[in-house]
Amino acid sequence: MNYQEYTTLNVWQESKQLVVDVYLITTKFPATEIYGLTSQIRRCAVSIPSNIAEGCGRNHVKDSMQFFYISRGSLYELETQLYISQELNYIDNEEFTKILNQLVVCKKLLNGFINYFKTKL
């Protein structure tokens, strides 16, 4: 496959924006969470566009798909952690709605991207 221009893909751009949003939101988390939920959420978010990029750098569709599935798993993991953060009142309702909307955009794009590559198998 070898997409040299993965940075032009909407799925990568939107998931990268999700990472930026996550970092901005988690700066408001309690200091006691720096090695807990804050760190976990950030690692999880960064994994999403990173695995898309890595998948685009693979030479075979099957290899690429594995990284796209990992990216999707991280997206669902992030969603769960954001729900937990809201329940702990680390994220207010307005911020939660905004970031959840961005997450849904990423889900739709990533699922479409994966479905496209399924046709290449």
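Number of residues in the range 27-46 that are out of contact with any Leu (no Cβ under 8 Å at 6 or more places or on another chain) and either among the charged types (D, E, K, R) or under 18 Å from Val104 (Cβ atoms) (or both) equals 4.
As a summary of the residue check, Leu121 satisfies the conditions (1) of a type in the set (A, V, I, L, M); (2) part of a helix (DSSP H, G or I); (3) in contact (Cβ under 8 Å) with a residue 12 or more places away in the chain except for the one numbered (2).
Just a yes or no: is a residue in the range 60-74 closer than 20 Å to Val104 by Cα and either of a type in the set (D, E, K, R) or assigned to a loop (DSSP other than H, G, I, E, B) (or both)? The answer is yes, given that some residue of the range 60-74 is closer than 20 Å to Val104 by Cα and either of a type in the set (D, E, K, R) or assigned to a loop (DSSP other than H, G, I, E, B) (or both).
A single member of Leu24, Leu82 is at pLDDT 95 or above and surrounded by fewer than 13 Cβ atoms within 10 Å (Cβ to Cβ), and it is Leu24.
The residues on offer are Ile48, Ile34, and the sole one that is in contact (Cβ under 8 Å) with a residue 12 or more places away in the chain, among the hydrophobic types (A, V, I, L, M, F, W, C) and at negative phi is Ile48. Would a scan of the range 56-72 turn up a residue that is within 15 Å of the chain's Cα centre (by Cα) and over 22 Å from Glu5 (Cα atoms)? Looking for residues that are within 15 Å of the chain's Cα centre (by Cα) and over 22 Å from Glu5 (Cα atoms), one finds none in the range 56-72, hence no. The set of residues in the range 85-108 being under 15 Å from Ile48 (Cα atoms) and buried (at least 19 other Cβ atoms within 10 Å of the Cβ) consists of Ile99, Leu103, Cys106.
The values are calculated or read from the model by the stated rules, or taken from the named source; none is laboratory data. The structure displayed is predicted, hence computed values, not measured ones. Cβ: placed from backbone, ideal geometry, glycine included. Neighbour counts: every protein chain shown.
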